[in-house]
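Report on the following structure.
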Amino acid sequence: AQSVTQLGSHVSVSEGALVLLRCNYSSSVPPYLFWYVQYPNQGLQLLLKYTSAATLVKGINGFEAEFKKSETSFHLTKPSAHMSDAAEYFCAVSDRASGTYKYIFGTGTRLKVLA
Amino acid sequence: DARVTQTPRHKVTEMGQEVTMRCQPILGHNTVFWYRQTMMQGLELLAYFRNRAPLDDSGMPKDRFSAEMPDATLATLKIQPSEPRDSAVYFCASGGTSGGTGELFFGEGSRLTVL
């Protein structure tokens, strides 16, 4: 079965600093990978996705992620954190291996931005 | 502005009572997912429908939970009888493709508290 692992349930950065949120995947077939963001008391929103085109994917709000097959990683980055980036971030994989294409989410990383 | 609508937004009930949560997916979307979010377990996939047919409900406790799509505009998740451990936020999400590459659109969630 396909899965994703997010390292670090909590990450704190200073405003203006680099944001790096880690996600590693496990998949027997080329994966479709996603990053979602959840603000308090809201549902999840798509930030960006990788579906086997360019390995560097740009998303909304200045975020980007790079698919690295050799490292089985899909880490999320943003060069300069803003206070409004404080939220919970989820990495997800679409289960192609089973043919169901169900979306499986990681456990989430809560990002705190310090003034 | 198309969105996934969930009702109720909040529900407080006594242990043993029946709870029904409803979801109206975005018109034209053919996949519907139910997730449960808790602090301890994160986002768990409970059920997944494609073209109204259940594809996967392996994450759902079968003895008390049931999920249905009576028609293309309504998905329901029922818990009978409810237990305190069912307290969580339940999210419905819908998607427009069955190939696993598309964005999932989430509702704002139904927060359930079972006393």
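The values are calculated or read from the model by the stated rules, or taken from the named source; none is laboratory data. Note that this is a predicted model, so its numbers are computed, not measured. Note that each Cβ is placed from the backbone with ideal geometry, even for glycine, and that neighbours are counted across all protein chains shown.
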Positions within the stretch A:1-23 being at pLDDT 95 or above and at positive phi, in sequence order: A:16
Test result for residue A:111, at pLDDT 95 or above, buried (at least 20 other Cβ atoms within 10 Å of the Cβ), within 11 Å of chain B (Cβ to nearest Cβ) and assigned to a strand (DSSP E or B): no
Long-range neighbours under 9 Å by Cβ, at least six apart or interchain, first residue farther than 14 Å from residue B:21 by Cβ and more than 7 Å from every other protein chain (Cβ to nearest Cβ) within the stretch B:101-115, second of a type in the set (Val, Ile, Thr) and surrounded by 21 or more Cβ atoms within 10 Å (Cβ to Cβ): B:102/B:31; B:105/B:4
Strands (runs of 3 or more DSSP E) wholly inside the stretch B:74-115 containing at least 3 residues that are within 16 Å of residue B:60 (Cα to Cα) and in contact with an Asp or Glu (Cβ under 9 Å, 6 or more places away or on another chain): B:74-79
Any hit, the stretch A:55-78, residues being of a type in the set (Val, Ile, Thr), closer than 19 Å to residue B:103 by Cα and buried (at least 19 other Cβ atoms within 10 Å of the Cβ): yes
Strands (runs of 3 or more DSSP E) fully within the stretch B:1-54 counting 3 or more residues that are surrounded by 17 or more Cβ atoms within 10 Å (Cβ to Cβ): B:19-24, B:31-38, B:42-50
Residue tally, condition among the acidic types (Asp, Glu), more than 8 Å from chain B (Cβ to nearest Cβ) and touching a Gly at 6+ places or on another chain (Cβ under 9 Å), over the stretch A:54-108: 2
